[in-house]
Amino acid sequence: MAKENMSFLVCCANGAGSSLMMKMTMQKTLDKVGIKPGKVHHCALSEGKTAAAQYDVVFCAQNFTNMFKDAEKKGTIVIGLRNIMSQQEMEDKMREKGIIE
């Protein structure tokens, strides 16, 4: 998978607070591992569920991953997080999914 210009979607229940914090954590993590993202968007789960297949990677809270099964079937990588503020967890999960080495 190309490490540059990947598109990332970050979703939370309402698309305001949690997804914005998760997006900031993701940007710090991407900077740390040297990935320059293409498109980055945060939104509510309702929008994210519809738009997810248009992105390379979707981040959400772990209990929402089942909402993105259709996008996964189309090749989108879905990453569920237990602690949306943990850079280490995000980095570890990105490594598990092959996004970073």
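Rule-based calculations on the coordinates, nothing more; no lab input. All figures in this text were calculated on a predicted structure; none of them were measured in a lab. Note that each Cβ is placed from the backbone with ideal geometry, even for glycine, and that neighbours are counted across all protein chains shown.
With the cut-off at under 13 Å, measuring from each backbone N in the range 19-61 to a point 7 Å along the Cα-to-Cβ line of N5 picks out 36-39. With contacts taken as Cα pairs under 8 Å and at least 6 residues apart, the range 1-78 reaches a relative contact order of 38 percent.
For the chain, the 222 nm mean residue ellipticity estimated from helices alone, with every DSSP H stretch of n ≥ 4 adding -39500 (n - 2.57) and the total spread over all residues, rounds to -11000 deg cm²/dmol. Here is the size of the range 53-101 from its Cα atoms: Rg then Dmax, 10.5, 28 Å.
With the convex hull drawn around the C-alpha atoms of the range 1-83, the volume per residue stands at 80 Å³.
Annotation: amide H-H contacts under 5 Å for A61 (H modelled 1.01 Å from N, sequence separation of 5 or more, or interchain): L81. For K36, the aspartates and glutamates whose Cα falls under 16 Å of its own Cα, not counting residues fewer than eight places away in the same chain, are E4, D56, E91, E101.
Sorting 74-87, 43-56 by their mean Cβ neighbour count within 10 Å, with the most densely packed peptide first, gives 43-56, 74-87.
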